[in-house]
Amino acid sequence: MPTKKDDMYGDHISHQFNEDLSNLKNDFLKMGGLVEQQTIDAVNALIDGDGHSADEIRARDKLVDKMEKDLDEEATRLIARRQPAARDLRLVIAVVKMVSDLERVGDEAKKIAKFALTLSQEGHAPRGYVEVRHISTHVTSMLHDALDAFSRLDSQQALKVMREDKRVDEEYQAATRTLLTFMMEDSRNISRCMAVMWVLRALERVGDHACNLAENVIYMVEGEDVRHTPVEEAAKIVGP
């Protein structure tokens with residue numbers, strides 16, 4: 001059943017204004033879906049040793065960059081033509097900020113694809129793929145949930161994404177410790193294990209960007225900036 005928040009960006013007298021806001025949201029979600037799939041595909045290419053797919057993923061990054069520019073222009077035109085205020089201005093500002101995070105997720109996917117291509121040529125690393133699969137599942141779920149929270153203007157779900165960020169950091173630290181221990185015991189595979197460590201770092205950054213998206217959703221819905229705010233404080237703003 002729709003809530004007041006579901007309709008808060010679609011109740012203007014001007015049909016064209018409603019359409020402009022709807023188009024901005026939909027185009028943002030399309031970009032979000034693309035970078036989410038890019039991340040999943042890059043990890044699969046790494047684990048499967050699929051250099052061809054990795055190369056294709058790197059090439060598709062140009063589309064992500066184009067979508068970022070297009071969305072920035074779309075938001076600028078909307079501000080110039082409609083001069084949005086209050087909640088509508090928060091939406092446009094939040095989208096501009098979140099587009100930057102999505103572009104950076106695309107960059108991280110491109111990095112993973114680069115290492116996938118390298119390892120497909122040099123041979124699999126002896127350790128680290130279980131950890132990569134586990135963390136990638138976690139952070140892509142965070143990214144998906146943050147995009148869903150944006151779509152539904154759900155600050156509660158956005159808060160849940162923020163809470164997951166600490167767990168990802170802990171998983172990343174544990175995984176890197178495991179790989180470092182292995183490299184110290186057997187130095188023959190250092191270069192390939194280092195590639196996996198860089199992949200883990202890229203995935204940890206995807207989790208950070210998902211958290212940033214969630215913070216902006218809370219700003220859109222609640223009107224409060226929760227960046228650099230402890231999760232416990234953000235929870236008070238979101239409420240029960």
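Given R0 = 35 Å, the distance between the Cβ atoms of Ser22 and Val231 translates into a calculated FRET efficiency of 0.65. Each of the peptides 89-102, 183-196 was scored by the mean count of other Cβ atoms within 10 Å over its residues; in descending order, highest first, they stand as 89-102, 183-196. Pairwise alpha-carbon distances in the stretch 42-149 exceed 16 Å for 66% of all pairs. As an exercise, take the mean of 1/r over every pair of distinct alpha carbons in the stretch 43-104, invert it, and state the Kirkwood radius in angstroms. Kirkwood radius, the stretch 43-104: 13.6 Å.
Between the residues Thr137, Leu46, Asn23, the greatest Cα displacement towards the positive end of the dipole of the chain, with unit charges on the Cβ of Lys, Arg, Asp and Glu, is found for Leu46. Computed on the chain, with alpha-carbon pairs under 8 angstrom and 6+ residues apart, the relative contact order is 25 percent. Simple rule: put +1 on each Lys or Arg Cβ and -1 on each Asp or Glu Cβ in the chain, find the dipole, and look at Leu91, Thr176, Ser191; the Cα lying farthest toward the positive end is Ser191. Each Lys and Arg Cβ is given +1 and each Asp and Glu Cβ -1; about its Cα centre, the stretch 29-86 then shows a dipole of about 500 debye. Based on alpha-carbon atoms, the Kirkwood radius and the radius of gyration of the chain give Rg/Rh equal to 1.04. Counting only whole DSSP H helices of the chain, the ones at least 18 Å long by C-alpha along their axis and with mean Kyte-Doolittle hydropathy no lower than -0.5 are 15-48, 86-122, 129-152, 190-222.
Charging the Cβ of each Asp and Glu at -1 and of each Lys and Arg at +1, and nothing else, the dipole of the stretch 58-103 about its Cα centre rounds to 140 debye. Available extension along the chain between Gln37 and Met194 is 54.1 nm, counting 0.36 nm per residue and deducting the alpha carbon span. Pairs from the list Lys66/Lys97; Lys69/Lys160; Lys25/Lys166; Lys25/Lys97; Lys62/Lys97 with a Cα-Cα gap above 23 Å: Lys69/Lys160; Lys25/Lys166. Result for the chain in a Gaussian network model with C-alpha springs under 10 Å: among Arg177, Arg163, Arg152, the largest mean-square fluctuation is at Arg177. Placing a label point 7 Å from the Cα of Asp186 along the Cα-to-Cβ direction, the residues of the stretch 127-170 whose backbone N falls under 19 Å from that point are 127-133.
Here the chain is assigned +1 on the Cβ of each Lys and Arg and -1 on the Cβ of each Asp and Glu. Its dipole about the Cα centre then comes out at about 200 debye.
No value in this document is a laboratory result; all are computed from the given coordinates. Source: prediction; values computed, not measured. We place every Cβ from the backbone using ideal geometry, glycine too, and count neighbours over all the protein chains shown.
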